[in-house]
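The structure appears right after this line, and notes come after that.
Just so it is clear, none of the values below were taken in a lab; they were calculated from the coordinates. Bear in mind the structure is a predicted one, so any value in this text is a computation, not a measurement. For neighbour counting, all protein chains shown are included, and Cβ atoms are generated from backbone atoms with ideal geometry for every residue, glycine included.
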């Protein structure tokens, strides 16, 4: 009779071992019988303990500003709006004056409105990939549920703006690469400024 | 339609038409089976799909080639990486993009990890349908969690990875990925042994799955079945060996074949395939080197500025051995940044067409088991 | 006959002595009814809690932890939820039968508690046909299931109900046959008599007893519709079987009936084969130390409560430490050990298909049950070594033959080809 019930008994043994593994005294018993044990319960109790996420974890984008919120890197080129697959970005801009000429702040144009609809966003990160100015990056906050779809789920420009130090804090390696790239661009742009006036050599001295 | 009335000399019986689904805990999604029953036996079965159609192919015609990638993640949500890989292969064929060596190694590692993820999840779900109240499923998911942590480390997202791109991968692997992957691969055979001890010789599992849903070789080949279902019927056809795409010819792995072609074979072939995948992973993790970039320059340009990518006019069909079968992408380009026609050959859809032949003569309870072993994901069936 | 062992009996006697003579009979009846009416729902509720926690631990997760410490108030929350749900009756269903079916399922389950020998002298009703009463009452559940399925007026319910009724009446036969051997050896149908007949040796330590115990336990599992025999109410098959169309308190009553009968099966197996309330003479202070350690190391409980618990256990240990462990503790410990086995089965094994489980009952258990009676007879007829050896040999040979007759091909090992 043993061989007909044998597979069932083996299965029951595996479950019993898992059961004992979840208790410290059970692990002691199993080690005493020299059976290899795993670490105990694999489940963590959210929200008391939260899982540590990888650095690259992405959920919803945010706009980056340096120093003050009006020094945002975005110039309203609308490339991310065009490339976003589910079309969840809505940009109104760049800001123009009454004659229709673009206004500039800190030497750049800026958007009037920048809305991203969280209920549509796919977290695909294509907006970050295509932005030529490193103005939009992915945030890793995911506890963003709300009870109202239009007021709380559509993030306007104010809600989206976050400082560059925040970006460096949540994604150090990526921020380091971005900062390097931006510094290199600035260094290339600096010699384009008019060189200081060299003193003219006196004629025929 | 009137129920068929069969009269035997002593007893008159009627057949009963029953709808299994679309709201059903075990049909792996919104899927309906219109079954005609004679007592407990199935006389006729009509699978009705389409409840999850989301216009994927039409949406793709309005997006750039890169814009289609997040949608391929959502085709077969267990295997996001391999779906990305299929589309990448098709685009590379269309535009003639080469992939550097490190990019190829990373792709192979991700594809085989996806195979492990998929096969553990499918086996767990099959046993869940059989009534083992979730225990094998949760053991499989525990291993799957560790692999999903690896995916998160590399791509930023556990399931909808959007990582493999034409020309390589989107970004190089972070530090610590290779060590964690090696630790996982070293531990995986022990998990497989425990899983097998729980299930493979279990008499109840054997009684439920052996001789159930036998798929004859000829029917499998004629109906274009691919994947583990085909190999369980004894046909030696694995696209990794036949096409030799990417760098698979460098890995000497074997293809397990079944003998009978019933549900038990399909389940066990998947376990054997997982062992072969572990071998491939060990070799790839050993051989990967820093000598080349992980994406070709054309690929970088494609990622940064999708609208500048105008492939030459023509068509290409790129196919891979996805964990569920042959996943193929057919692209027709007319020179613009958007594809003119974007068609997906989904393995689950094609494998489902033989469901009636598999189920006739068996009982209602077997239908669910047979469907579980066919391994469908409705998002792929209906796109 | 020690004080801790007869604690409840003495308390009952003291209570009755406070009353005048004419009221004593009625008061005694009321006390017994009250105890069962209080005990049965509590046993059922904490059985659901235990099942959820145990299955969760087998699956590497925690189980209920939020509602009260360790999830101990979870059953109350479940009960409240069931009470406040809308009571849906399908259109065209027979309302009276729809209401009567769950009630008809619960009442026999509670009635069974009247004949459990909870401890020495602690049986609510010592019928001298106790065993017959048990089987008669538990058969009523098949009526209730069919009524429930029929009254729901839905295809799935009727199919599920028919399957379930077929399963229950098929498994009653091996169940009764395995107990016939017990009756032969004990010579009485009274449950107290059966327990006392196991004084020298528990019936499970005899060849016919092992087979009988397994058969009775598995038939009981099948009668209660639990995994691996729970095809009739399988979620993944026909959604719910006979209780698909029930919601709210009526569903809670079906659930209650199933759990009470599971407990009843375990209690009956303990009574018939595992010695009932008897146990080896282990001194009580060992148990007190074990309980003190358990309470002291419960991390989620506040420290003052823990200290109180440890002190109480220490006090109990000191007061009655030298006495053997009371009989009612043995009964409940053994029953809950079998409940653990039931939950263990549920957490591990997949289901058998309907025709396979019917095949098991009629083609395997029934012949084995008949041969078991013969083996018990041999065991009684011949003295110790020959009798035991003869019955063991008979059982082994016949089970091997039955297995061969029933399972030709499917269990043969398979081979797989590896191609390049």
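From most to least packed by mean Cβ count within 10 Å, the peptides C:11-18, C:367-374 give C:367-374, C:11-18. Taking the centroid of alpha carbons for each part, region B:298-329 and region C:296-321 are 69 Å apart. The mean count of C-beta atoms from other chains within 10 Å of the C-beta of residues in C:339-348, rounded to a whole number, is 4.
Of the residues B:36, B:135, B:13, the one that moves most in a GNM of chain B with alpha-carbon contacts below 10 Å is B:13. Once the chain from residue B:307 to residue B:12 is taken as fully extended at 0.36 nm per residue, the excess over their C-alpha distance is 99.3 nm.
Counting every other Cβ atom within 10 Å of each residue's Cβ, C:249, B:160 order from fewest to most as C:249, B:160.
Counting other beta carbons within 10 Å of each residue's own, what order do B:224, B:294, C:398 fall into, fewest first?
Ascending number of Cβ neighbours within 10 Å: B:224, C:398, B:294.
For helix B:177-199, report the angle its Cα long axis makes with the longest principal axis of the Cα atoms of chain B; keep it between 0 and 90° and round to the nearest 10°. With both axes taken from Cα atoms, the answer is about 10 degrees. Ordering A:73-86, C:383-396, C:74-87 by mean Cβ neighbour count within 10 Å, with the highest value first, yields A:73-86, C:383-396, C:74-87.
Each peptide in B:297-303, B:172-178 gets a packing score, the mean of other Cβ atoms within 10 Å over its residues, and the list from highest to lowest is B:297-303, B:172-178.
Based on DSSP H segments of at least four residues, each scored -39500 (n - 2.57), chain C has a per-residue ellipticity at 222 nm of -22500 deg cm²/dmol.
Taking every residue in B:62-71 and counting other chain Cβ atoms within 10 Å of its Cβ, the average works out to 4.
Anyone know which of C:260, C:300, C:50 comes out most mobile in the 10 Å Cα GNM of chain C? It is C:300.
Placing a label point 7 Å from the Cα of residue C:23 along the Cα-to-Cβ direction, no residue of region C:85-125 has a backbone N closer than 14 Å.
Taking label points 7 Å from Cα along the Cα-to-Cβ direction, residue B:193 and residue B:178 give a separation of 2.8 nm. Using 1/(1 + (r/R0)^6) with R0 = 41 angstrom and r between the beta carbons of residue A:52 and residue B:259, what's the FRET efficiency to the nearest 0.05? E(calc), rounded to 0.05, equals 0.30.
Sort out for me the Cα centre separation of region C:1-30 from region B:171-188, rounded to whole Å. Taking the Cα centre of region B:171-188 as reference, the centre of region C:1-30 is 71 Å away.
Based solely on its DSSP helices, what 222 nm [θ] is calculated for chain B when runs of n ≥ 4 H residues each add -39,500 (n - 2.57) and the sum is averaged over all residues, nearest 500 deg cm²/dmol?
When only DSSP H runs of four or more count, the value is -14500 deg cm²/dmol.
Short-range pairs are left out: with C-alpha atoms under 8 Å and at least six residues apart, the relative contact order of chain A is 20 percent. Stretched out straight at 0.36 nm per residue, the stretch from residue C:337 to residue C:363 would grow longer than its current Cα-Cα span by 6.4 nm.
Per residue of A:121-132, other chain Cβ atoms within 10 Å of the residue Cβ number 5 on average. Largest GNM mean-square fluctuation among A:38, A:146, A:54, using chain A with Cα springs under 10 Å: A:38. Modelled spin labels at residue C:38 and residue A:66, positioned 7 Å past Cα toward Cβ, are 7.7 nm from each other. Across region C:50-80, the residues whose backbone nitrogen lies under 14 Å from the label position 7 Å along the beta-carbon direction of residue A:41 are C:52-72. Angle of helix A:2-21 to the longest C-alpha principal axis of chain A, folded into 0 to 90 degrees and rounded to 10: 50°.
Between residue A:133 and residue A:28, the simple spin-label model (points 7 angstrom out along Cα→Cβ) gives 6.5 nm. When B:74, B:231, B:208, B:197 are sorted by how many other C-beta atoms sit within 10 angstrom of their C-beta, beginning with the fewest, the order is B:197, B:74, B:208, B:231.
Expressed as a rounded percentage, what relative contact order does chain B have, with Cα pairs under 8 Å and six or more residues apart?
Reported relative contact order: 26 percent.
Between the helical axis of B:80-95 and the longest alpha-carbon principal axis of chain B there is an angle of about 60 degrees. Over chain A, DSSP H runs of length four or greater, each weighted -39,500 (n - 2.57), average out per residue to a 222 nm ellipticity of -10000 deg cm²/dmol. Region A:36-67 and region C:323-364 have their alpha-carbon centroids 41 Å apart.
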